[in-house]
Amino acid sequence: MQQFNTLDLKGFGCNHLTAAIAAAGALLHYVKETQQSALPHIQGICTENSDDSIRLDASSRRNLELDYHPSGQLQYTLFGVLDKTATAMGSRCLRRWINRPLRDHRILNNRYACVDSLLNGKLYQIVQTQLRQVGDIERISSRIALKSARPRDLLVLRTTLAVLPALQQALASSDNLQLADTAKQIGEQPEILTLLQKAVIDNPPVLIRDGGVIAPGYNQELDDLRHLSQNADQFLIDMENREKATTGISTLKVNYNRVHGYYIEISHLHTDKVPAHYTRKQTLKGAERYITEELKSFEDKVLSAKDKALSFEKFLYEELLNIIAASLLPLQQCAAALAELDVLTTFAERAETLNLSPPILIDKIGINIEGGRHLVVEQVSEIPFVPNDLLFSNQRRMLVVTGPNMGGKSTYMRQAALIVLIAHIGCYVPAKSLTCGPVDKIFTRIGASDDLASGRSTFMVEMTETANILHNATSKSLILMDEIGRGTSTFDGLSLAWACADHLAKETKAFTLFATHYFELTTLADEQKTIHNVHLDAMEHGDKIIFLHAVKDGPANQSYGLQVAALAGVPRSVIDKAKTKLRHLEDHAYSEQQTATGVNQLDLFSSKEYHPAVTLLEDTKPDDLSPRQALELLYKLKGLV
């Protein structure tokens, strides 16, 4: 209330949010303490409702690699691919939009309309050309308010304001109402522009303490002080000529030294001609030095002129900042509008460059993506990207995704979430078409990582993220679940994965992409009508595997784990041993684990617990059997099954 000079916060709609008010107050206090000044540029507070945006938790943001990649390289993130903004303000605005996708279809449709208008006749190119001359007036405005703006900040502000008329003219060619409102909000600020053109030189120094910032002609007193300090020599020459003519002493000299200051020097030969108003200052061997009231006055002015000029210039500079600060609100509105325009212009450029399509937002439940692409993978990959479709509806709420490692399951899942997210920031999407119903949250459980500092194992992290999803997802949420249960034993992992999938399908009923290597989960599609199987296709060629990256209906037939291991560089001898063991395991079915061991866990590498049918066949020599014995053996095998 002190900051905004109000009796209460009802006018800002947050009077009841006591915890939020306390946090905001602490933040204001912190900034005041660190800046050691008032904060006149912070003139209001607003409340953001979580229902207005698609909610993303921290792990989902990290897993989707929105604006951070573990490698630290920005080009591997969604922000890195989309950020072709012309200004720092636009870049920050884009990052905010990506991290807070909106649910309001009206706002989003207005943004699509702006992008369409900017694409028309390639208007975005004209606007971008103007925006490249725009500086970061958002932060410059803050520095002006805090009285910490440097001279070159004012030069950048002047350059920016000078661009605005041409920018307005470019936007006037569009008939889009949203762009017209943006242009109105940007304004032109001719008074500040005129003031800065008159007050600041074209190439000011970095700091005001160096002086030379205020332009000649802005203030007469400053000009006089500068004239004195910069033209003292000429004054002395003029005075010397004048005094010679007045006194008739041809050897008279007007000089200066650091010890005695300014003086008039006359030789002893002309002592009788010295005027009465000359006052003796110093006697030398062959001459006398004098001072006059005029020279004394000039000395006082000149010796202090430089310091006075610098001090007065600092005063004028602070006065200039105060004048601009009076128009701070229009400048802040201008900066916000420029940032938004920059992002929309970038969306238009990206739409044309990256072949993006306008999405269609509807109120009916469902997501339909035709020819969807992963925007980041498509840009950084050297091989052509294979587009894939995705369909969610009331009758199709969960897709169990199977297929080989490296086959593209995670890419397919992430691209679905990114396409939906991109649509909800107001940008065209990397797909042939997108029709999207209401989405309230996006959850992702992808990748394996531990948190050793907090004492959490990889599996614990996985289960914590899974628990968060199961507790907070709704029927309007989009969920990506990748390899649930892989961090524990086979039966435990399979059971957890099956139970999670069953809960999401029956209870939560969210739109779920459930990737797994547990092929037992593909039977869920037979039990529930809303679950369907899809797989990423691949084919073998000799000992090698070829990934087709195409999504097809139905479950995959195998995981191709050994082939992927070979691609990773695992030694050939290890691969051969693994193949031998795999054949051994596939050739034998296992009986239940002996209860005497007390271990309820399948021993994948046991060679003792064969099915009785295996033992029977191992002891049989087919060539020694009569037809009757062979028939009896067949009946025994049938009985064992």
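Kindly provide the set of residues from region 376-430 that are at pLDDT 90 or above, out of contact with any His (no Cβ under 8 Å at 6 or more places or on another chain) and basic (K, R), ordered by number.
Within region 376-430, just R397 meets the criteria.
Can you tell me how many residues within region 362-385 are polar (S, T, N, Q) and either without any contact (Cβ under 8 Å) to a residue 24 or more places away in the chain or part of a loop (DSSP other than H, G, I, E, B) (or both)? Even if it seems obvious, please write down each step before you answer.
First pass over region 362-385, keeping only residues polar (S, T, N, Q): 368, 379, 381.
If we keep only those that are either without any contact (Cβ under 8 Å) to a residue 24 or more places away in the chain or part of a loop (DSSP other than H, G, I, E, B) (or both) as well, we get 381.
Qualifying residue count for the region: 1.
Does any residue of region 545-555 turn out to be open to solvent by less than 70 Å² (accessible area, probe 1.4 Å), farther than 18 Å from S410 by Cβ and modelled with pLDDT under 70?
Checked against the condition, which is being open to solvent by less than 70 Å² (accessible area, probe 1.4 Å), farther than 18 Å from S410 by Cβ and modelled with pLDDT under 70, region 545-555 yields no hits at all.
Within region 237-257, can you find the residues that are of a type in the set (S, T, N, Q) and open to solvent by less than 70 Å² (accessible area, probe 1.4 Å)? Can you show your working first?
Within region 237-257, the first condition is being of a type in the set (S, T, N, Q), and the residues that meet it are 241, 246-247, 250-251, 255, 257.
Within region 237-257, T247, T251, N255, N257 meet the criteria.
Among all residue pairs at least 6 apart or on different chains, which show Cβ distances below 6 Å where the first residue, located in region 508-533, is touching a residue at least 60 places away in the same chain (Cβ under 8 Å) and the second is open to solvent by 40 Å² or more (accessible area, probe 1.4 Å) and of a type in the set (V, I, T)?
Here the result reads none, with nothing in region 508-533 linked to a residue that is open to solvent by 40 Å² or more (accessible area, probe 1.4 Å) and of a type in the set (V, I, T).
Just a yes or no: is a residue in region 196-213 basic (K, R), open to solvent by 70 Å² or more (accessible area, probe 1.4 Å) and touching a strand residue (DSSP E or B) at 6+ places or on another chain (Cβ under 8 Å)? Talk me through it step by step, then tell me what you get.
Taking region 196-213 as the starting set, the residues that turn out to be basic (K, R) are 198, 209.
Going one step further and asking which of them are open to solvent by 70 Å² or more (accessible area, probe 1.4 Å), we end up with 198, 209.
Next cut, touching a strand residue (DSSP E or B) at 6+ places or on another chain (Cβ under 8 Å) only: none.
Checked against the condition, which is being basic (K, R), open to solvent by 70 Å² or more (accessible area, probe 1.4 Å) and touching a strand residue (DSSP E or B) at 6+ places or on another chain (Cβ under 8 Å), region 196-213 yields no hits at all.
Going through region 93-113 one residue at a time, which ones are farther than 16 Å from I362 by Cβ, open to solvent by 50 Å² or more (accessible area, probe 1.4 Å) and touching a helix residue (DSSP H, G or I) at 6+ places or on another chain (Cβ under 7 Å)?
Answer for region 93-113, where residues must be farther than 16 Å from I362 by Cβ, open to solvent by 50 Å² or more (accessible area, probe 1.4 Å) and touching a helix residue (DSSP H, G or I) at 6+ places or on another chain (Cβ under 7 Å): R95, N110.
Does any residue in region 198-214 that is assigned to a helix (DSSP H, G or I) come within less than 9 Å, Cβ to Cβ, of a residue that is polar (S, T, N, Q) six or more places away or on a different chain, and which pairs are these?
A199/N219
Please identify the pairs in which a residue from region 258-276 that is touching a residue at least 12 places away in the same chain (Cβ under 8 Å) and surrounded by 12 or more Cβ atoms within 10 Å (Cβ to Cβ) has its Cβ atom under 8 Å from the Cβ atom of a residue that is among the basic types (K, R) and in a helix (DSSP H, G or I), counting only partners at least 6 apart or on another chain.
Correct list of pairs: Y262/K296; I266/K273.
When the residues of region 101-150 are narrowed to those that are among the basic types (K, R) and in a helix (DSSP H, G or I), which ends up farthest from the chain's Cα centre (by Cα)?
Within region 101-150, the first condition is being among the basic types (K, R), and the residues that meet it are 103, 106, 111, 122, 132, 139, 143, 147, 150.
If we keep only those that are in a helix (DSSP H, G or I) too, we end up with 106, 111, 122, 139, 143.
Numbers: R106: 24, R111: 19, K122: 26, R139: 17, R143: 23 Å.
Here the residue is K122.
Among the numbered criteria (1) surrounded by 13 or more Cβ atoms within 10 Å (Cβ to Cβ); (2) modelled with pLDDT of 80 or more, which single criterion is violated by H471?
(1)
I'd like the full set of residues that are open to solvent by 60 Å² or more (accessible area, probe 1.4 Å) and either modelled with pLDDT under 80 or among the aromatic types (F, W, Y) (or both), limited to region 556-575.
Listed by number, the residues that qualify are N557, Q558, L567, A568.
Which count do you get for residues in region 26-56 that are without any contact (Cβ under 8 Å) to a residue 12 or more places away in the chain and within 27 Å of N322 (Cβ to Cβ)?
9
Under 8 Å between Cβ atoms, at least 6 apart or on separate chains: pull out the pairs that start in region 126-147 with a residue that is touching a residue at least 60 places away in the same chain (Cβ under 8 Å) and end on any residue that is among the basic types (K, R).
E138/R92
So the check is Cβ under 7 Å with 6+ separation or different chains; which pairs have a first residue in region 1-13 that's closer than 13 Å to I42 by Cβ and a second one that's small (G, A, S)?
F4/G44; F12/G44
Quickly run through region 72-90 and pick out the residues that are under 19 Å from L354 (Cα atoms), assigned to a loop (DSSP other than H, G, I, E, B) and more than 11 Å from the chain's Cα centre (by Cα). Can you show your working first?
Let us first name the residues in region 72-90 that are under 19 Å from L354 (Cα atoms), namely 74-86.
Still in the running and assigned to a loop (DSSP other than H, G, I, E, B): 77, 83-86.
Correct list: K84, T85, A86.
Quick one: count up the residues across region 7-53 that are among the polar types (S, T, N, Q), more than 30 Å from H105 (Cβ to Cβ) and surrounded by 12 or more Cβ atoms within 10 Å (Cβ to Cβ).
Quick first cut of region 7-53, residues among the polar types (S, T, N, Q) only: 15, 18, 34-37, 43, 47, 49-50, 53.
In the following step, the residues that additionally are more than 30 Å from H105 (Cβ to Cβ) were identified as 18, 34-37, 43.
Adding the requirement that they be surrounded by 12 or more Cβ atoms within 10 Å (Cβ to Cβ) leaves 35, 37, 43.
Residues flagged as among the polar types (S, T, N, Q), more than 30 Å from H105 (Cβ to Cβ) and surrounded by 12 or more Cβ atoms within 10 Å (Cβ to Cβ) within region 7-53 amount to 3.
For region 391-413, which residues satisfy the criterion of being under 27 Å from the mean Cα position of the chain (by Cα) and buried (at least 24 other Cβ atoms within 10 Å of the Cβ)?
If we filter region 391-413 for residues that are under 27 Å from the mean Cα position of the chain (by Cα), which is where we start, we get 408-413.
Matches in region 391-413: G408, K409, Y412, M413.
The values are calculated or read from the model by the stated rules, or taken from the named source; none is laboratory data. As the structure is a prediction and not an experimental result, all values here were calculated from the model. For neighbour counting, all protein chains shown are included, and Cβ atoms are generated from backbone atoms with ideal geometry for every residue, glycine included. All accessible areas refer to the heavy atoms of the entire protein, side chains included, with ligands and DNA or RNA removed. Shrake-Rupley method; radii C 1.70, N 1.55, O 1.52, S 1.80 Å.
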